[in-house]
Amino acid sequence: MADMKSCDLRQEIERRRTFAIISHPDAGKTTLTEKLLLYGGAIHLAGSVKSRKAQKHAVSDWMEIEKQRGISVTSSVLQFSYDGFQINILDTPGHQDFSEDTYRTLMAVDSAVMLIDAAKGVEAQTKKLFKVCKQRNIPIFTFVNKLDRHGKNPFELMEEIEKVLGINSYPMNWPIGVEGDYQGVYNRQLAQIELFEKDGSHGQLALPSVKGSVDDPVFTEIIGADIHNALCDDISLLDMAGDHFDLEKVMRGELTPIFFGSAMTNFGVRPFLEEFLRLAPPPAPRMSSEGLIEPDNEKFSAFVFKIQANMNPAHRDRLAFIRICSGKFERGMTVHHIRSGKLLKLTQPQQFLAQDRTIIEEAYPGDIVGLFDPGVFGIGDTLCMPGETFTFEDFPVFPPERFARVQPKDTMKRKQFIKGITQLTQEGAIQVFFQADAGAETVIVGTVGNLQFEVLEYRLKNEYGVDILMNFLPFELARWMDGEKIDAKSIKGLDRGMLVSDNKQRLVALFTNEWALRWAVDNNPKITFLVVPPEKTGN
Ligand code: G4P
């Protein structure tokens, strides 16, 4: 019986693929996500969820602010199945002012799809997100999008990826035809041509295709001898001069397989999806305080990577998103919440598709589950079986880089203001600091990006009925101070900085730039300036 159970568990793990699509705004992430859902049968007509011209938001956009701005502020998750695979796509905000949410989401995935606009190449946001994935050594698959129109030459794009991102690449397929008017793709592994039929529907429906060997004379006839010859030349050049395909290198994040296509016209989307699912890794083991936790360990474990309140006006509640790391999750099970030491019964687990939420009965490693959060969960928390006491590796803390003094416009709203600020801090949306001589209704808010301030303003107004005043401060760096008996008054170099404390009364210095920080470091030899809170040193 136990063997049957572990066999089922292993099968469930093997068929799971949990990934995020990383890209610069406008590269086509929303369109590609929608097309993957289309092929997965989760929606039947692309654009049916998103009326593109009328309102530019997609299935994965939830919050009102996202709709207004046409961007995805909060990361969300979509689950669907395709060809026996169970797919979890974690959405990462594409806006350039992205927040810590983006980083945290990347902690919960097993691989990433890097989407690049063929005309624009590697852009700033892609670079940033790529770096986070690279640090985690997760496999990165590249989809070069918008091949239906003129863009950079495919060889040029490969070179750019290698130069700008420092990762070698291996084209899995190659576009066939004249730039801007491609007719299909050549599958290098199978030496097969796949031509796409254009149906004029702008990719609303899954695109039919014809497949066959590159040597089949039928194709020479259809695409013409010139194009066939050019394709053969390109392929032999790639075979001779390009990198070899090495799956182990892909798994270590040292080689990125590249796919060419167009999300809008569906060109190359299905071959990409199928090949990606075949190559991308199932859920990997995770490091914990007691060593690696294998996904097929039968004891359930998970960590919280995101907390979100009032996600949907129809459900005014707070959800903690967990990523399952091992074992089977069952509705109603009792788990050990390590940080509080409490045993919790998980009664209303939810999964997501678009705006629908469904109560789930069971879930497996790699799956994301939304748990109703009565206020006990924090980012990075570990959940495991009663009796187990390990914790997953610490979540990275991302030091804030933007700061503002924030207070309610109307002092009568002080209570709601503090409630809202406390909740947003628990969600990890902002970090809060206090100034010794300021009243309780004035806080210093620190964030990773400017957009978080807009979210703060919007949410305080809409969810707590508080209008706020924000004064932006000229600081860019926060350092926690560690040392024996620090006397705030004797710290040197803070005349143009600011001394604050965090919500655990730990001292934090804010600096305007690296130079000011260096000066303080040099002139306060008894103090250590730390990028993250000195949790383990017991300050
Ligand atoms: P994002 O989520 O990465 O920000 O991008 P999104 O999918 O919203 O796409 C950005 C724009 O790029 C959209 O155009 C979209 O239609 C277009 N696009 C996406 N994939 C392709 C593609 O393969 N080929 C071409 N030619 N365009 C593509 P828009 O004008 O902003 O919106 P809409 O008028 O099409 O709705």
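Below are the figures for this structure:
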{"read-out": "Of the criteria (1) assigned by TED's automatic domain parsing to the domain that holds Val508; (2) not hydroxyl-bearing (Ser, Thr, Tyr); (3) not in a loop (DSSP other than H, G, I, E, B), which one Asp437 fails", "value": "(3)"}
{"read-out": "Region 377-412, subset of a type in the set (Phe, Trp, Tyr) and assigned to a loop (DSSP other than H, G, I, E, B), residue farthest from Gly449 (Cα to Cα)", "value": "Phe390"}
{"read-out": "Single residue of region 389-414 satisfying the filter (aromatic (Phe, Trp, Tyr) and within 14 Å of Ala478 (Cβ to Cβ)) that is nearest to the chain's Cα centre (by Cα)", "value": "Phe398"}
{"read-out": "Positions within region 464-480 being among the β-branched types (Val, Ile, Thr) and in a loop (DSSP other than H, G, I, E, B), in sequence order", "value": "Val466"}
{"read-out": "Residue in region 166-188 that is surrounded by fewer than 20 Cβ atoms within 10 Å (Cβ to Cβ), over 28 Å from Ser213 (Cβ atoms) and not polar (S, T, N, Q) present", "value": "yes"}
{"read-out": "Filtered residue count, region 435-463, keeping only those that are surrounded by fewer than 21 Cβ atoms within 10 Å (Cβ to Cβ) and of a type in the set (Ser, Thr, Tyr)", "value": "2"}
{"read-out": "Residue list for region 498-519, filter: touching a residue at least 40 places away in the same chain (Cβ under 8 Å) and part of a helix (DSSP H, G or I)", "value": "Leu517"}
{"read-out": "Of all residues in region 161-198 being aromatic (Phe, Trp, Tyr) and within 16 Å of the ligand (Cβ to nearest atom), the one that is modelled with the highest pLDDT", "value": "Tyr182"}
{"read-out": "Number of the condition not met by Trp515 [criteria: (1) over 31 Å from the mean Cα position of the chain (by Cα); (2) surrounded by 12 or more Cβ atoms within 10 Å (Cβ to Cβ)]", "value": "(2)"}
{"read-out": "Among (1) within 36 Å of the chain's Cα centre (by Cα); (2) in a helix (DSSP H, G or I); (3) surrounded by fewer than 17 Cβ atoms within 10 Å (Cβ to Cβ) - the single one Leu238 does not satisfy", "value": "(3)"}
{"read-out": "Residues (among the β-branched types (Val, Ile, Thr) and within 16 Å of the ligand (Cβ to nearest atom)) located in region 105-120", "value": "Thr105, Val113, Ile116"}
{"read-out": "Qualifying residue in region 356-363 (condition: among the acidic types (Asp, Glu), free of Cβ contacts under 8 Å to residues at least 24 places away in the same chain and out of contact with any Gly (no Cβ under 6 Å at 6 or more places or on another chain))", "value": "yes"}
{"read-out": "Some residue of region 485-502 being modelled with pLDDT of 85 or more and β-branched (Val, Ile, Thr)", "value": "yes"}
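One line per residue, one yes/no per condition, for (1) outside the structural domain of Ala112 (by TED's automatic domain parsing); (2) touching a strand residue (DSSP E or B) at 6+ places or on another chain (Cβ under 6 Å); (3) closer than 18 Å to Pro257 by Cβ; (4) away from the ligand (no atom under 16 Å from the Cβ):
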{"residue": "Ala124", "(1), (2), (3), (4)": "no, no, no, no"}
{"residue": "Leu129", "(1), (2), (3), (4)": "no, yes, yes, no"}
{"residue": "Cys133", "(1), (2), (3), (4)": "no, yes, yes, yes"}
{"residue": "Pro139", "(1), (2), (3), (4)": "no, yes, yes, yes"}
{"residue": "Thr142", "(1), (2), (3), (4)": "no, yes, yes, no"}
{"residue": "Leu147", "(1), (2), (3), (4)": "no, yes, yes, no"}
{"residue": "His150", "(1), (2), (3), (4)": "no, no, no, no"}
{"residue": "Asn153", "(1), (2), (3), (4)": "no, no, no, yes"}
{"residue": "Glu159", "(1), (2), (3), (4)": "no, no, yes, yes"}
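The values are calculated or read from the model by the stated rules, or taken from the named source; none is laboratory data. Being a predicted model, the structure only gives us computed values, none of them experimental. Cβ sites come from the backbone with ideal geometry, for glycine too, and all protein chains shown count toward neighbours.
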